[in-house]
Structure formats: C-alpha cells, structure tokens
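J.: This is the structure I have questions about; it appears just below.
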Ligand SMILES: C[S@@+](CC[C@H](N)C(=O)[O-])C[C@H]1O[C@@H](n2cnc3c(N)ncnc32)[C@H](O)[C@@H]1O
C-alpha cells in the first residue's frame, strides 16, 4: 500500500472530526466520492487546504452544515427509472395486496419524490388507505423539504413523462396544484407518510416492514458498510418481504444474497426467502 | 512504459469514433479501458452489446464496486457518474450533472488520475461541449499521458479544442492513427 498523500490524510482527519463533533460517520463512504465533495466545498469557499476547512468545521456552525449537506447527495426525481415503478405495479403490488396492513420503508428518501411517487402508485392500486410509508433520511434539510411536498414547476414536464412511462393510470396533474412557480403535492398523498430522521450507519433497525426501498444510497458506501446495512434491512423485513435497490445496485457482494430470491433482477427487486 | 489503464471521453459522434479505435485492439491488450460516452439518461445501453460483438476485448457496462481488470472495456452507465477508487474498483454516483453531463468525463478522469497517477493514459475524442478538458489537465498534472483526437478529424471538434486549450497535451492524433498509437504504447 503506497503512502497516503497529504490531502488524503487531511480528509481522514476531517471525517474523524465530523464524526466526533457531529455524530455523522462518513468514514466508510467511498473515498473518491468523499474527496470530490470535500474538494468541491474547498474550492467554493476559497480555502487552499483541507486543514483550513478543519478549523471552520469545528468552529463555524453554518460552514459545518453546508459541508454535511454536501456530503449527502440529494439528487432525486418523481418516478425515477419508470421501468422500476412499472415492475412495482406488476410484481410487488400483487404481493402487497395479500396483507391487511402494509408498512413500507423508504431509506434515504432525500427530498421525498420517491415516497410521493409510491403514494401515487398505491393510491391508484387501491392500497394507500392501508399503507404507512416510513420515509427516512439523515439529512434534516432534505427531510424538511420533503415534508412540504413542493417542487419547482419546471420539473413537471419531466415528472409527467416519467409518470406516464411508469404505467400511471391517471393524469399526473391530478396529484398536485400548481401556481406560476411551484407545484404542491396533494394533501391526501401526504396523509400516510411518516417522515423521520434515521441514519443508516449509526442508528439501528427501524421497524418491521413489508417492503424496503433504498435506491442510490448504498452506492456511496464501501463494501463492508454495505454489508452492515444489508444485515439491517434483512432484520427489518418480514419473511416474503421485498427489497428494492437502485437500478445499478446489485446484491453481488452482499453476504446475504442467497437469503433473497430475484423478483425482477433487471430492476433490482429481491424477495426475502421464507 | 508501465501504463496501467486508459480512460476515454467522447460525446457527439462518439459511436463512430469508438468503432474506429476499440475493435482494433487485440484480445491480449494489457490495459483495461474505461469509457465515458455521453448518452441520453434513458439509454438502456443496447449499443454496448453490439460493440461487444465487434471488439476482441470484452465490452461491458461498469458495475459499482467492480474490480477493474485487463481484458475489458468498461462503459459508464447512463445517468450515473463513474469514479475510479484507489483500489482500482468503480464507484457510481448520482450527484448533479457536471457541465450538463452525467456521466461526466471530468469526474471519471479526475478520479482515475488520483488512482493511477503516471500510469494513466487519457484520450479525448469528438464532442460538442467542453467536458473532459479539466480532467485531461489533471491527468497531465499527475504525470499521465494525454492524447486528443485531431479536431480536423472530429465530427464535433469542440471537445478536442477545449482539451487542447486547457493544457499542453502530449499528442494530437488523427482518428485513424489512434488505435495504432495505443497498440504501440503498451
Ligand atoms: C442520491 S439520494 C437518493 C434518493 C432516492 N432514494 C432516489 O434514488 O432517487 C441519496 C440519499 O441518501 C441519503 N443518505 C446518505 N447516507 C445516509 C445515511 N448514512 N443514512 C441515511 N440516509 C443517508 C442522502 O442524504 C440522500 O438523501
């Protein structure tokens, strides 16, 4: 193993400081990703070394908040990967229909678009009344935004096209009210969503659920941490429950891959064996 | 000369340009090759299959955490950034577009330069934007070898031109000569 260069050492120390001072543990996130985010913030705020940021991190609360926000990528969309939602309708809904009450955990829900997409889908399938969606993230800023359910008007076109491609049964405009700038998600979609702050790395098992969606979160974790989170998901799912990962995420390296059967391998949907 | 890997960035006109290079590399080519080609976010990668049939090397989409190994040409998946880790594995990211692009050539090249240092070869091909210029400069700074397609031979010359103006690149080559040059290098 080659010696670490100074920047890498500084980054290790910065992550250590974030953990000790703020309790967020990024020490097992992918190095290339973390380095990119930290260097981005460094350039944005005009510092020359990561060490200079260390002082700010420890003594300047608003700088620390910005950095923490940078380290969590919140990019998301309504009905992202329409084929995934099509598969939810075709392959998962029939399973969910067999339960009198349904609990769904969206881990890493970011600003909520996925949870709202699911609420729309389940409404159309007649299941929303008996479902609770637990939407969690460790980024409080993102969660606060999610609760509001407000998105910019210029996204409507893209979301509408995603919704249609996903097999939507209605008009997307049925689900929001819009003014000149903003679209607001309908109140009845919010009813059965519970928003909560939960950290996949430092918090423990969340609830006993029928379905877990954790899409485009584990890609940022190193293998060992992925395995740890997979164990937590496994413990949280009921037997026969369904795990949904991002379209480029697999179970390839998970110690638990044999504990699941493929429900739709292309869409990365897995069913916990009985 | 001890080169360990090649990264290629290409945008509009990309498929044609790649077809003039990749099929000519032999099965035992010693460097893995990683390609960012700008494609629509909804692309299902159908072109990767057809490319695989015409190449001697194995052409595949890069998987997250996959180990980067010789014998392969890896393509960045649509709508994700592709990064190289120091342990020569891939990471994916859904971070925002960089210069309107996801995957971004700069993101791949920057991380690969960190991982491979002077063992890296960077190549910029045709494209109508400026992605890749900063990444190629970074490869040069880390001691790697930088190559740009001669803009005269590019379907869209912007990307090569930006790359050439951002740093002093080592070689500017007409499209027809690139595969031969890459074969001679390693
Ligand atoms: C790229 S977004 C994915 C959003 C959505 N699931 C999707 O695929 O569109 C990643 C989310 O994971 C969250 N995240 C990252 N690390 C986390 C952790 N340790 N615990 C909980 N959430 C985390 C981030 O805050 C961010 O909102």
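The values are calculated or read from the model by the stated rules, or taken from the named source; none is laboratory data. This one's a predicted model, so the numbers in the text were calculated from it and none came from an experiment. A quick note on method: Cβ atoms are made from the backbone with ideal geometry, for glycine too, and the neighbour counts reach across all protein chains shown.
J.: Look through A:178, A:142, A:119 and report the one residue that is under 16 Å from the mean Cα position of the chain (by Cα), more than 13 Å from the ligand (Cβ to nearest atom) and either more than 23 Å from residue A:69 (Cα to Cα) or within 14 Å of another protein chain (Cβ to nearest Cβ) (or both).
T.: Unique residue meeting the criteria: A:119.
J.: Here's something else I'd like to know. Yes or no: residue A:216 on the phi > 0 side of the Ramachandran plot, under 14 Å from the mean Cα position of the chain (by Cα) and within 16 Å of the ligand (Cβ to nearest atom)?
T.: yes
J.: Another question, if that's okay. Looking only at residues that are more than 11 Å from the ligand (Cβ to nearest atom) and closer than 21 Å to residue B:86 by Cβ in the range A:219-235, which one is surrounded by the fewest Cβ atoms within 10 Å (Cβ to Cβ)?
T.: By that ranking, first place goes to A:224.
J.: Let me ask something else. With respect to residue A:123, determine if the residue is surrounded by fewer than 21 Cβ atoms within 10 Å (Cβ to Cβ), closer than 17 Å to residue A:211 by Cα and not assigned by the TED database to the domain that holds residue A:22.
T.: Criteria met by residue A:123.
J.: Separate question: Out of the helices (runs of 4 or more DSSP H) lying entirely within the range A:22-99, which hold 1 or more residues that are free of Cβ contacts under 8 Å to residues at least 40 places away in the same chain and either within 16 Å of the ligand (Cβ to nearest atom) or within 14 Å of chain B (Cβ to nearest Cβ) (or both)?
T.: A:31-44, A:61-71
J.: Here is a follow-up. Mind counting the residues in the range A:206-224 that are away from chain B (no Cβ under 11 Å) and modelled with pLDDT of 95 or more?
T.: 6
J.: Looking at (1) modelled with pLDDT of 95 or more; (2) within 15 Å of the ligand (Cβ to nearest atom), can you tell me which one residue A:125 breaks?
T.: (2)
J.: Just checking, how many residues over the range B:107-120 are surrounded by fewer than 24 Cβ atoms within 10 Å (Cβ to Cβ) and touching a strand residue (DSSP E or B) at 6+ places or on another chain (Cβ under 6 Å)?
T.: Total meeting the criteria: 1.
J.: Can I ask one more? For the range A:237-270, name all the residues that are surrounded by 20 or more Cβ atoms within 10 Å (Cβ to Cβ), touching a residue at least 24 places away in the same chain (Cβ under 8 Å) and more than 13 Å from chain B (Cβ to nearest Cβ).
T.: Those that are surrounded by 20 or more Cβ atoms within 10 Å (Cβ to Cβ), touching a residue at least 24 places away in the same chain (Cβ under 8 Å) and more than 13 Å from chain B (Cβ to nearest Cβ): A:237, A:241, A:242, A:243, A:244, A:269, A:270.
J.: Testing residue A:210 on (1) more than 18 Å from the chain's Cα centre (by Cα); (2) within 23 Å of residue A:84 (Cβ to Cβ); (3) away from the ligand (no atom under 16 Å from the Cβ), one condition comes back false. Which one is that?
T.: So the condition that residue A:210 fails would be (1).
J.: Within the range B:40-65, how many residues turn out to be surrounded by fewer than 19 Cβ atoms within 10 Å (Cβ to Cβ), within 11 Å of chain A (Cβ to nearest Cβ) and touching a residue at least 24 places away in the same chain (Cβ under 8 Å)?
T.: 5
J.: If you don't mind, another one. Among the residues of the range B:80-102, how many are at positive phi and at pLDDT below 95?
T.: The total comes to 2.
J.: Of all residues in the range B:21-39, which are part of a loop (DSSP other than H, G, I, E, B) and surrounded by fewer than 17 Cβ atoms within 10 Å (Cβ to Cβ)?
T.: B:26, B:27, B:28, B:30
J.: Moving to a separate point now. Please give the number of the condition residue A:238 fails out of (1) more than 21 Å from residue A:76 (Cα to Cα); (2) touching a helix residue (DSSP H, G or I) at 6+ places or on another chain (Cβ under 9 Å); (3) more than 15 Å from the ligand (Cβ to nearest atom).
T.: Among (1) more than 21 Å from residue A:76 (Cα to Cα); (2) touching a helix residue (DSSP H, G or I) at 6+ places or on another chain (Cβ under 9 Å); (3) more than 15 Å from the ligand (Cβ to nearest atom), residue A:238 violates only (2).
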